[in-house]
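Q: The structure that follows is given in the form of C-alpha cells.
Each value in this text was obtained by applying a stated rule to the coordinates, not by laboratory testing. Not measured: the values here are computed from a predicted model. Neighbour counts run over all protein chains shown; Cβ positions are idealised from the backbone, glycine included.
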Amino acid sequence: MNSFVCKIRTPQGQITKVVMNENDKITCIKKLKRNGITPISIEKKLFIPSFKSLNKHSKKQKKVNSIIHTKKRKTIDLNKNINISFSNKVSLNELKKFTKELYLLRKSDFTNSRALIAIIKNTNNVYFKQVLNKILKSVEAGNLMYKTMNEYSDIFSPVYVNFIKTGELTGNLNEYLKHSINYLNHEVKIKEKIRNDVMPSVVMFIVMIILLIISTLFVIPNFEKIIKTTNDVIELPKITSFIINVIKFITKFWYLFVALIITVIFGIIKFINTDKGRYKYDYFKYTNVLFGKITYLIEFSRVIKSIFLNLQSKMRIQDALEISKNTITNTYMISKVEDAINNLYIGKSWIIPFEETKILNSIIIEMMKKSEKNNLSKTLGKTIEYLDDEIENQVEILLKRLTDISHVLISITLLLFLILFLIPCIKLYLGGFLFI
C-alpha cells in the first residue's frame, strides 16, 4: 500500500491537503469523489522508514484509516460515508445576490467556473454553497449550469432555470442573467407585499376562527354548569341549549369526527394524486374566491414574460410558447398553453384559450389581441407592465376582502356572545322581567 499526498477541495469550498494510504491514484480519486470531495492533485509520498515509524506502523497495521486533517484540527474518516445535515433553505434574496454576483463577474470577463469559485467563497449559506459546488463540478466537466440547477427546484424555480437555459443555449447568458435579476426583484417585491400587507390579515382571520372554536368548545359548556349552580331556575335560550347539546354530542363522539376528517383529507389527497384530480385541484387554485385571481395573474405573468424574452431572442411564437410552458407546474395553465400552441398550428389565435378562462379582464385580452396584429414583442412588453399593476391591485383587493371577512367574524362572535351569554346573564340577575 502506498501513501499519497492529495490536494483537495472540501464540500464547504476549503482547499487543503490530505495523506491517503491506498494502492494507486485511481482508488484515491474514487474514494474522494464518493465522499463529495474534489481532488485537485495527487502525488505519491516519499517514505523514509525509521525505527519509530516502523514501530508505530506495526501497532496500527490491522486498522488503517485515511484521515483528512483540516486547518481547524478536525478530522473526516474517508472510509465512511459523510452524512452532514444542512438546512436546505435558500431565500429569494440569497438567490438574487448570487445572480447579481454571477452577472457582474461575467461582465468582467470571468468564465462560469472562475465566477462560481469566487461566489462560493463569498457564500455563507452552507447548503447553498454545497449546491453551487455541484454546479461548479458539472461546469468543469463540460456541462451547462441549467442542467444541475434543474435538479434543485427548491432553489431555482422553473422560470429562473428557463432564463439560464435560454441564455446558455443562445450564447447570451449575460442578458438573461439581467432578466433573471429583474424577475427576482419582482418576485421579492410581491412576496414582501403579501407578507407585510396580506399575512397580518390572514393571521387575524385564523386567530378569530380559533377563538370562536375555543369559546364554543370550552366556554359554553362551563357556562351551563355555572347557570345550573344558581338557586334560581333559568330557562336558557333555545339557541344556547341547541348549541350546548351539539357540543356535548361532538365531545362525546369526538373520535368519530376525527376519523371522518382524516378520511376526508386522505380521500382528497388520493384524488389530487390522480391526473383528473390534479387538474381539478389546479383549476380550483385559479377559481377560489380568496386567492384564485391573484394566483392566476402571477403565473400567467410568468408565462407572458418568458414569451416576451424569447421573442426578443428572435424566436418564433410557437417555440416561445413551448419553452414558456416549462416555467409553470400548474396542469390547468399548461393545458391552456398547449391549446395556444395547437391553435397556432391550425391558423387560429393563440390568445383564445386564455380568453375562454374568463379570468383575465378585457383590457389584458385586447392588448394581447393587438399584439398579434402589430409589433408582438413591444405590445407584450406593455401588457407585462399592465399585469404588474393588476397584480398589485389584486393584492389590495385581497387585503380588503380579508379585512371584511375578519369584521364579519368579529360581528358573528359578538352576536353569539349576546345570544349565548348576555341574555342568560340578564335573566339571572334581573329576574327575567325584561323577557316576559
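Q: For Ile40, list long-range residues whose amide hydrogen, built 1.01 Å from N in the peptide plane, is under 5 Å from its own amide hydrogen.
A: For Ile40, whose amide H was placed from the backbone, the distant partners under 5 Å are Lys7, Ile8, Arg9.
Q: Taking H as built 1.01 Å from N, whose amide H comes closer than 5 Å to the amide H of Asn2, not counting residues under 5 places away?
A: Close amide H contacts, sequence-distant or interchain: Glu22, Asn23.
Q: Another question, then. Based on the mean of other Cβ atoms within 10 Å per residue, sort peptides 362-373, 132-143 so the most packed one is first.
A: Descending packing order for the listed peptides: 132-143, 362-373.
Q: Order the peptides 260-272, 314-326 from the highest to the lowest mean number of other Cβ atoms within 10 Å of their residues.
A: 314-326, 260-272
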